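Report on the following structure.
The values are calculated or read from the model by the stated rules, or taken from the named source; none is laboratory data. Keep in mind that what you see is a predicted model, and the values were worked out from it rather than measured. In this analysis, Cβ positions are derived from the backbone assuming ideal geometry, glycine residues included, and neighbour counts consider all displayed protein chains. Note: areas computed on protein heavy atoms with side chains; ligands, DNA, RNA excluded. Shrake-Rupley method; radii C 1.70, N 1.55, O 1.52, S 1.80 Å.
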Amino acid sequence: MNTVTRVGAYGACVALAFGAAFGVGNAFEPLRDGESSSGHGHGEAADSPGPAPSADAAAVGGLQVSERGYTLVPQSAPPVAGTTGDFRFRILGPDGTPWTRYEQAHEKDLHLIVARRDLSGFQHVHPVLGADGTWSVPLAFPTAGDYRVFADFVPAGDPGGGLTLGADVAVPGGDYRTTPLPAPARTAAVDGYTVTLDGDLTTSESTLTLSVARDGIPVTDLQPYLGAYGHLVVLRQGDLAYLHVHPQGEPGDGTTPAGPGIGFHAQAPSAGTYRLYLDFRHEGVVRTAEFTVTVGAGALPAAPTSPASIPATPLPGGSPASEGEPGHGGHAH
C-alpha cells in the first residue's frame, strides 16, 4: 500500500470515528452503568496490553464513560493535531439531562486530564461551564493519535462523592506514531529543575516523596497551586486506569513545608507499569515532571542523596506553562 493510500485509509477511519462520536454527543444518550467507552484503536494498546477492568475497578477511575448514572459525552471532535480548538463536552446526570451542580475540589469544579494512549501528551486543564451544562476549554493535541480524556469532579448533593469518567477521542492530522515509554528512573528533569522520586509505588499503601531542586539547590519556596504544593496523577499503562492519589498536608497547616519534598499516599491496584505526572509551581510557573515506575518488579535503585549529584536527564513530556495556561497542573485527591 503506498503512502497516499495509507493516509487516505487513516483519514477515512478517523472520519468514521468522529462521525460516530459526534452523533452520540448530539443524541446525549447515556450509557448504562458499567458500560465502557474504552477502545484502544490503531493497535496502540496492543503494543502494551494492560490489565482489563476487573475487581480493581473500584480502586481506580477513568475506566468507564458512565458510572453511578453520570455519563461523559464529548460534543465536538477534537482539533487537528498541532492546532488549538474549543473542546466541548457534557456530564449527563442520572436523569439523562446535563448536570450543572458541582462541588469544588482543589479549587475547581472539574479537572480535565488528557493523555495519549501511549501515555505521552499529558495535559491538565480546567474547562468553563456554560449555562446549558456544556463544558468548554481551548485544547491543543500535539500529535495525531488516540487520546483518553478524564473528567474528575464531585457532583453536588451526591452522597457517593467524587468520581472520574473517561472517554476516548481520536485526533487526526499528521503521521501517527507511537511514542516509546521512557524506562523507569528515580529522577526527571524539566526546565532546569530536577525532581527526585523517593519511595516505591506498590500494591499496599505506600508513601511517595518527590523532591524538587534547581541547579542542584533544593527548592524550599514552592508556591501553592490548586490548594497544594504539588499534584500527582498516576495512570496505568494499557487501560489508562486513573489512580486517586492523596497528598500529605496542605499549605498553611503549620506542618507542611514548601519544599523541597512533596509527599503523597498512594496504592497501586495491580502489578504493572505506571506513569506518574507531578505538577509543581515555582516563581509563578507550573511545571510537570514525569516518571515511569513498575509495580511488582522490585524497587528501583535509590537516587543520589546530594541534589548536586543528581543527573538532569530530561524526559519526554515535561515542560513549563504559566499559571492558567492549558496543558499543565496535576491533580491529587
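Some values worked out for this structure:
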{"item": "Number of positions in the range 79-103 that are part of a strand (DSSP E or B) and either open to solvent by 70 Å² or more (accessible area, probe 1.4 Å) or in contact with an Asp or Glu (Cβ under 7 Å, 6 or more places away or on another chain) (or both)", "result": "6"}
{"item": "Checklist (1) at pLDDT 95 or above; (2) closer than 27 Å to T288 by Cβ applied to V73, failing item", "result": "(2)"}
{"item": "Given (1) over 24 Å from L276 (Cβ atoms); (2) within 16 Å of the chain's Cα centre (by Cα), index of the condition L163 fails", "result": "(1)"}
{"item": "Complete set of residues in the range 156-180 that are buried (at least 17 other Cβ atoms within 10 Å of the Cβ), in contact with a His (Cβ under 8 Å, 6 or more places away or on another chain) and assigned to a loop (DSSP other than H, G, I, E, B)", "result": "Y176"}
{"item": "Restricting the range 104-140 to residues that are open to solvent by less than 10 Å² (accessible area, probe 1.4 Å) and touching a Pro at 6+ places or on another chain (Cβ under 8 Å), the residue that is nearest to L163 (Cα to Cα)", "result": "L110"}
{"item": "Close pairs (7 angstrom Cβ cut-off, 6 or more residues apart or separate chains): open to solvent by less than 10 Å² (accessible area, probe 1.4 Å) in the range 181-200, in a strand (DSSP E or B) and among the charged types (D, E, K, R) anywhere", "result": "A188/E290; V190/R287; Y193/R214; Y193/R287"}
{"item": "Filtered residues of the range 262-293 (kept if open to solvent by 20 Å² or more (accessible area, probe 1.4 Å) and of a type in the set (A, V, I, L, M))", "result": "A271, V285"}
{"item": "Residue within the range 143-155 that is surrounded by 20 or more Cβ atoms within 10 Å (Cβ to Cβ), free of Cβ contacts under 8 Å to residues at least 60 places away in the same chain and part of a strand (DSSP E or B) present", "result": "no"}
{"item": "The one condition in (1) in contact with a Leu (Cβ under 7 Å, 6 or more places away or on another chain); (2) open to solvent by 10 Å² or more (accessible area, probe 1.4 Å); (3) assigned to a strand (DSSP E or B) that L208 fails to fulfil", "result": "(2)"}
{"item": "Qualifying position, being basic (K, R), within 29 Å of P94 (Cβ to Cβ) and touching a residue at least 60 places away in the same chain (Cβ under 8 Å), among R236, R214", "result": "R236"}
{"item": "Any chance T255 is hydroxyl-bearing (S, T, Y), open to solvent by 40 Å² or more (accessible area, probe 1.4 Å) and over 24 Å from A302 (Cβ atoms)", "result": "yes"}
{"item": "Single residue of the range 248-278 satisfying the filter (in contact (Cβ under 8 Å) with a residue 60 or more places away in the chain and more than 16 Å from the chain's Cα centre (by Cα)) that is farthest from V114 (Cα to Cα)", "result": "G261"}
